[in-house]
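Okay, structure first, notes after.
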């Protein structure tokens, strides 16, 4: 997790010249003990420390406020000020370039990935969010994905005819079709029940999400494919950001 970028760019100077406390609602859809959950809690702690309590970040984990289909609109209308959605969420928003991150086996390793997210390409993608009322601050990693199912997935033929939950992404839909499966777009908060009841046969996720959502309770097999990247973008409502005094915007 690259928290320094966020802390420097968003909160280091937030509220330093303001008498009233600034409240930032930070909503996300995963458990508190995931990489994103722990990062958001650390972020809230450092925000309070660095601003001497003038900024309070309220973290709402596990879809407590909004499901992943709802949170982007909530940010755009100002119901929350900060999110860290997966990069796949920006395709349906109209920034299709982010769907390149959904391509399987596009990165050799984390170092290869960071050349993109921490370089000019990553910054350029973030800038494309601004016309949608969103200010991008940093990329956070959750790791690479694997496939689960109630049957062993040892060969491409094992995926044929099986229903797999995915995020809303044309690239991910094509990925599942290419290996013979059936793609099922579904909110993250609904996946456990869908796996339990057989609405879907399996899913793809990093290990942390499988474990913290207890998907191992309803899935017998996990195939360690590391086939695709799941990352997040820390974003804020642009109107909220722009309303801050200029001295708070530090590079």
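The values are calculated or read from the model by the stated rules, or taken from the named source; none is laboratory data. In this text the structure is predicted, and so the values were computed from the model without any measurement. For neighbour counting, all protein chains shown are included, and Cβ atoms are generated from backbone atoms with ideal geometry for every residue, glycine included.
Candidates are the residues of segment 62-88 that are within 23 Å of residue 146 (Cα to Cα) and touching a helix residue (DSSP H, G or I) at 6+ places or on another chain (Cβ under 6 Å); the one that is surrounded by the most Cβ atoms within 10 Å (Cβ to Cβ) is 84.
Taken over segment 56-84, the criterion of being within 22 Å of residue 214 (Cβ to Cβ) and modelled with pLDDT of 95 or more is satisfied by 59, 60, 84.
Evaluate the following for residue 99: is it touching a residue at least 60 places away in the same chain (Cβ under 8 Å) and surrounded by fewer than 14 Cβ atoms within 10 Å (Cβ to Cβ)?
Details: touching a residue at least 60 places away in the same chain (Cβ under 8 Å): yes; surrounded by fewer than 14 Cβ atoms within 10 Å (Cβ to Cβ): no.
Against the criterion (touching a residue at least 60 places away in the same chain (Cβ under 8 Å) and surrounded by fewer than 14 Cβ atoms within 10 Å (Cβ to Cβ)), residue 99 does not qualify.
Residues of segment 136-152 that are more than 27 Å from residue 112 (Cβ to Cβ) and either buried (at least 20 other Cβ atoms within 10 Å of the Cβ) or within 18 Å of the chain's Cα centre (by Cα) (or both): 149 alone. Please tell me if residue 211 is within 19 Å of residue 33 (Cβ to Cβ) and free of Cβ contacts under 8 Å to residues at least 12 places away in the same chain. Taking the combined requirement at face value, the residue satisfies it. No other residue among 157, 187 is within 30 Å of residue 238 (Cα to Cα) and out of contact with any helix residue (DSSP H, G or I) (no Cβ under 8 Å at 6 or more places or on another chain) apart from 187. Criterion first (more than 20 Å from residue 207 (Cβ to Cβ), at pLDDT below 95 and either outside the structural domain of residue 206 (by TED's automatic domain parsing) or buried (at least 16 other Cβ atoms within 10 Å of the Cβ) (or both)) does residue 47 satisfy it? Here the answer is yes, as residue 47 does meet what is asked.
For residue 122, the requirement of being in contact with a helix residue (DSSP H, G or I) (Cβ under 9 Å, 6 or more places away or on another chain) and at positive phi is not met.
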